[in-house]
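Peer 1: Below you'll find the structure I mean.
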Amino acid sequence: MSDRDQTKTPAAEAADAYADRRDSARIPLRLHVREPALGGSFEVCEGNLAIGGVLYWALHPPVGGRVEVRFFIPAFKREVHAVGEVLRVSRDGDRFGTHVRFVEIPLDAEMTLARYFQMEQG
(Lines give C-alpha, C1' and ligand atoms only; values in the text may rest on other atoms or scores of the structure.)
Protein backbone atom coordinates (compact mmCIF):
# COMPACT_ATOMS: atom_id res chain seq x y z
CA MET A 1 0.00 0.00 0.00
CA SER A 2 1.36 3.45 -0.82
CA ASP A 3 1.86 6.36 1.47
CA ARG A 4 -0.08 9.39 0.22
CA ASP A 5 0.00 12.91 1.53
CA GLN A 6 -1.34 16.05 -0.05
CA THR A 7 0.36 19.43 -0.23
CA LYS A 8 -2.09 22.00 -1.58
CA THR A 9 -1.71 25.38 -3.20
CA PRO A 10 -4.34 28.08 -2.41
CA ALA A 11 -6.12 27.39 -5.72
CA ALA A 12 -6.56 23.76 -4.75
CA GLU A 13 -8.97 24.53 -1.92
CA ALA A 14 -11.77 25.53 -4.32
CA ALA A 15 -10.82 22.88 -6.87
CA ASP A 16 -11.16 20.03 -4.36
CA ALA A 17 -14.95 20.36 -4.30
CA TYR A 18 -14.99 19.38 -7.98
CA ALA A 19 -12.03 16.96 -8.04
CA ASP A 20 -14.21 13.91 -8.76
CA ARG A 21 -16.38 15.62 -11.40
CA ARG A 22 -14.09 15.41 -14.41
CA ASP A 23 -15.82 16.09 -17.73
CA SER A 24 -13.48 13.93 -19.76
CA ALA A 25 -11.48 10.78 -19.54
CA ARG A 26 -7.73 10.87 -19.06
CA ILE A 27 -5.29 9.60 -21.66
CA PRO A 28 -1.84 8.31 -20.64
CA LEU A 29 0.84 10.43 -22.30
CA ARG A 30 4.51 11.34 -22.14
CA LEU A 31 4.86 15.02 -21.25
CA HIS A 32 7.72 17.49 -21.35
CA VAL A 33 7.60 19.74 -18.30
CA ARG A 34 9.62 22.85 -17.45
CA GLU A 35 9.42 24.90 -14.30
CA PRO A 36 9.78 28.60 -15.16
CA ALA A 37 10.83 29.34 -11.56
CA LEU A 38 13.93 27.16 -12.09
CA GLY A 39 14.61 27.88 -15.75
CA GLY A 40 16.53 25.21 -17.60
CA SER A 41 15.27 22.68 -20.09
CA PHE A 42 12.19 20.50 -20.31
CA GLU A 43 12.12 17.22 -18.36
CA VAL A 44 10.33 14.14 -19.74
CA CYS A 45 7.61 12.86 -17.38
CA GLU A 46 4.98 10.16 -17.56
CA GLY A 47 1.47 11.36 -16.92
CA ASN A 48 -1.98 11.73 -18.34
CA LEU A 49 -3.90 14.33 -20.26
CA ALA A 50 -7.40 15.71 -19.80
CA ILE A 51 -9.11 18.48 -21.74
CA GLY A 52 -8.37 21.05 -19.03
CA GLY A 53 -5.00 19.94 -17.74
CA VAL A 54 -2.50 17.22 -16.96
CA LEU A 55 -1.19 15.06 -14.16
CA TYR A 56 2.49 14.16 -14.28
CA TRP A 57 4.79 12.11 -12.06
CA ALA A 58 8.31 13.21 -11.09
CA LEU A 59 10.92 12.51 -8.43
CA HIS A 60 10.56 16.02 -7.00
CA PRO A 61 7.63 18.37 -6.42
CA PRO A 62 7.40 21.58 -8.47
CA VAL A 63 9.07 24.67 -7.03
CA GLY A 64 6.67 27.33 -8.28
CA GLY A 65 2.95 27.62 -8.90
CA ARG A 66 3.22 27.38 -12.69
CA VAL A 67 4.71 24.94 -15.16
CA GLU A 68 5.17 24.87 -18.90
CA VAL A 69 4.13 21.66 -20.64
CA ARG A 70 4.61 20.28 -24.13
CA PHE A 71 3.09 17.10 -25.51
CA PHE A 72 2.56 15.50 -28.88
CA ILE A 73 -0.85 14.41 -30.15
CA PRO A 74 -0.05 11.61 -32.60
CA ALA A 75 -3.45 11.47 -34.29
CA PHE A 76 -3.03 15.09 -35.43
CA LYS A 77 0.78 15.12 -35.71
CA ARG A 78 0.79 18.19 -33.52
CA GLU A 79 2.80 19.36 -30.55
CA VAL A 80 0.88 21.43 -28.01
CA HIS A 81 2.51 24.02 -25.76
CA ALA A 82 0.65 25.25 -22.67
CA VAL A 83 1.20 26.94 -19.34
CA GLY A 84 -0.49 25.43 -16.32
CA GLU A 85 -1.24 26.32 -12.73
CA VAL A 86 -0.28 23.74 -10.12
CA LEU A 87 -3.47 22.85 -8.24
CA ARG A 88 -2.03 20.27 -5.87
CA VAL A 89 0.79 17.80 -5.40
CA SER A 90 0.24 14.27 -4.18
CA ARG A 91 2.86 11.78 -3.10
CA ASP A 92 3.05 8.08 -3.87
CA GLY A 93 6.19 6.49 -2.43
CA ASP A 94 9.19 8.30 -3.90
CA ARG A 95 7.17 9.99 -6.68
CA PHE A 96 5.22 13.23 -6.70
CA GLY A 97 2.06 13.62 -8.76
CA THR A 98 1.56 17.19 -9.90
CA HIS A 99 -2.02 18.11 -10.85
CA VAL A 100 -2.07 21.00 -13.33
CA ARG A 101 -4.86 23.09 -14.84
CA PHE A 102 -4.17 24.83 -18.16
CA VAL A 103 -4.25 28.62 -17.85
CA GLU A 104 -2.59 29.53 -21.15
CA ILE A 105 -3.25 27.35 -24.17
CA PRO A 106 -3.92 28.49 -27.75
CA LEU A 107 -7.54 28.19 -28.84
CA ASP A 108 -6.64 25.99 -31.81
CA ALA A 109 -4.77 23.64 -29.43
CA GLU A 110 -7.89 23.41 -27.23
CA MET A 111 -9.93 22.54 -30.31
CA THR A 112 -7.40 19.85 -31.27
CA LEU A 113 -7.62 18.38 -27.76
CA ALA A 114 -11.41 18.29 -27.94
CA ARG A 115 -11.29 16.47 -31.30
CA TYR A 116 -8.65 14.04 -29.96
CA PHE A 117 -10.76 13.17 -26.92
CA GLN A 118 -13.82 12.73 -29.10
CA MET A 119 -11.87 10.29 -31.31
CA GLU A 120 -10.54 8.38 -28.29
CA GLN A 121 -13.98 8.03 -26.69
CA GLY A 122 -15.58 6.47 -29.64
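The values are calculated or read from the model by the stated rules, or taken from the named source; none is laboratory data. The structure presented is a predicted model; accordingly, all values stated were derived computationally and were not measured. Virtual Cβ from ideal backbone geometry, glycine too; neighbours counted across all protein chains shown. Accessible surface is based on the protein model in full, side chains and every heavy atom, while ligands, DNA and RNA are left aside. Shrake-Rupley method; radii C 1.70, N 1.55, O 1.52, S 1.80 Å.
Peer 1: Set the Förster radius R0 to 22 Å, insert the Cβ-Cβ distance between His81 and Glu46 as r into 1/(1 + (r/R0)^6), and round the FRET efficiency to 0.05.
Peer 2: Details: r = 19 Å, r/R0 = 0.86.
Once rounded, the FRET efficiency stands at 0.70.
Peer 1: Return the carbon/sulfur percentage of the accessible area of the stretch 65-122, one whole number, probe 1.4 Å, all protein chains in place.
Peer 2: Here it works out to 49 percent.
Peer 1: Residues in the stretch 33-55, backbone N under 19 Å from the label point at Gln118 (7 Å along the Cα-to-beta-carbon vector): list them, ranges by number please.
Peer 2: 50-53, by backbone N distance to the label point.
Peer 1: From the phi of every residue in the stretch 51-65, what ³J(HN,Hα) in whole Hz does the Karplus formula 6.51 cos²θ - 1.76 cosθ + 1.60 yield, where θ is phi - 60° and glycine or proline is x?
Peer 2: Each residue of the stretch 51-65 in turn: 4, x, x, 9, 10, 9, 10, 8, 7, 9, x, x, 7, x, x Hz.
Peer 1: What does the charge count near Gly39 come to, summing +1 for each Lys or Arg and -1 for each Asp or Glu among other residues with Cβ under 14 Å from its Cβ? Let's see the in-between values first.
Peer 2: Values: positive: Arg34, Arg66; negative: Glu35, Glu43, Glu68.
Net local charge, Gly39 excluded: -1.
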